[in-house]
1. Scan region 142-190 residue by residue and report those that are part of a loop (DSSP other than H, G, I, E, B) and of a type in the set (Lys, Arg).
2. Residue check: is SER174 over 30 Å from LEU72 (Cβ atoms) and either under 21 Å from the mean Cα position of the chain (by Cα) or touching a residue at least 12 places away in the same chain (Cβ under 8 Å) (or both)?
3. Kindly check whether there is at least one residue in region 158-181 that is farther than 26 Å from ALA36 by Cα and among the small types (Gly, Ala, Ser).
4. Looking at region 26-45, which of its residues are crowded, with 24+ Cβ neighbours inside 10 Å and either of a type in the set (Asp, Glu) or farther than 14 Å from ALA91 by Cα (or both)?
5. Name the residues in region 222-242 that are under 21 Å from SER19 (Cα atoms) and either free of Cβ contacts under 8 Å to residues at least 24 places away in the same chain or surrounded by 22 or more Cβ atoms within 10 Å (Cβ to Cβ) (or both), would you?
6. Out of curiosity, is ALA182 surrounded by 14 or more Cβ atoms within 10 Å (Cβ to Cβ), of a type in the set (Gly, Ala, Ser) and closer than 15 Å to ASN117 by Cα?
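The values are calculated or read from the model by the stated rules, or taken from the named source; none is laboratory data. None of these values were measured; they are calculated from a predicted model. When we count neighbours, we look across all protein chains shown, and the Cβ atoms used for this are built from the backbone with ideal geometry, even at glycine.
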Amino acid sequence: MSFSTAALVASLMIGLPLSYLGLFVVLRRMAFVGAALGQLASAGIALGLLLEMPMVSGAALVTLAGVIFFSLDRPRRRIPEETWVAVVYSAAGAAGVLLMNFAPHGEADMMSLLFGNILGFDPADIVPMALVLGAVCLVQVLFLKEFLLVAFDSETARVLGYRVGLWNFFFFFSLGVAITAAIRVAGVLLVFSYLIFPPIIGLLLGRRWLSSSVISVLAGALASGLGVFASLHWDLPTGSTIVAMNFALTLLALAGWKATGSH
């Protein structure tokens, strides 16, 4: 497999599930939860490098701690939810920088965490990553009804006997697993863009959950393909080019939404 094909496969494997998961994140007005989990995964990778342990293990442990935190009940009336997300985001970002400062190749590793290196994706990692992200997708399919109910009508879910906190943990855990699997290859910036831009496109152009989901996933796939092609053709950074394509497609979707008067 050529490095360009491996880069395209990697971007699609990462982009498709994140584009879908981002719908929950955007609709729940928790866009920066994705960024915060990404920063936590980065801090975990930095911790793994410093302690000479597997990077995935470090990222998984720290991300799991963040998932537990986001699933807990907090004093939301006095302190809004987005404030807690900002706390985690800033603390994790600072921790990642500080930990990288003590790593042997800290500056280079930090740049890799921020921007990724999809062109350097090892084809041998395709199967392990596919298994992890495939498991996340399977969980989303099997428990779609529960995730939707808990996310958008938690009071009804409680009346029906659902343990809302547990289901929230389950969702954030699956999101954290996907981010942890993706961030080492894609970097924080690209992972966050997949969680935000394609879902916005899906919500602008789709009428129902199914149509929004399909459009979001297709938008993520299109941005991946165009981004990899453009980066190879014009010798541009692949991750940043895919982010730019995500942004351009979002602008086109917004223009189409305004032109058709869908609002």
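1. Taking region 142-190 as the starting set, the residues that turn out to be part of a loop (DSSP other than H, G, I, E, B) are 143, 153, 160-163.
Once the filter is applied, which keeps residues that are part of a loop (DSSP other than H, G, I, E, B) and of a type in the set (Lys, Arg), region 142-190 yields only ARG163.
2. For SER174, the condition - over 30 Å from LEU72 (Cβ atoms) and either under 21 Å from the mean Cα position of the chain (by Cα) or touching a residue at least 12 places away in the same chain (Cβ under 8 Å) (or both) - is not met.
3. yes
4. GLY34, ILE45, listed by residue number.
5. Listed by number, the residues that qualify are ALA223, SER224, LEU226, GLY227, VAL228, PHE229, ALA230, SER231, THR238, GLY239, THR241, ILE242.
6. On the way: surrounded by 14 or more Cβ atoms within 10 Å (Cβ to Cβ): yes; of a type in the set (Gly, Ala, Ser): yes; closer than 15 Å to ASN117 by Cα: yes.
Yes; evaluated as a whole, the condition is true for this residue.
Residue-wise test of (1) at pLDDT 80 or above; (2) closer than 22 Å to PHE170 by Cβ.
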{"residue": "ALA65", "(1), (2)": "yes, yes"}
{"residue": "ARG76", "(1), (2)": "no, yes"}
{"residue": "PRO80", "(1), (2)": "no, no"}
{"residue": "THR83", "(1), (2)": "yes, no"}
{"residue": "LEU98", "(1), (2)": "yes, no"}
{"residue": "HIS105", "(1), (2)": "no, no"}
{"residue": "ALA108", "(1), (2)": "no, no"}
{"residue": "PHE121", "(1), (2)": "no, no"}
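Condition check ((1) more than 23 Å from MET30 (Cα to Cα); (2) at pLDDT 95 or above) across all residues:
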residue	(1), (2)
LEU189	no, no
ILE201	no, yes
ALA219	no, yes
LEU226	yes, yes
THR238	yes, no
ALA248	no, yes
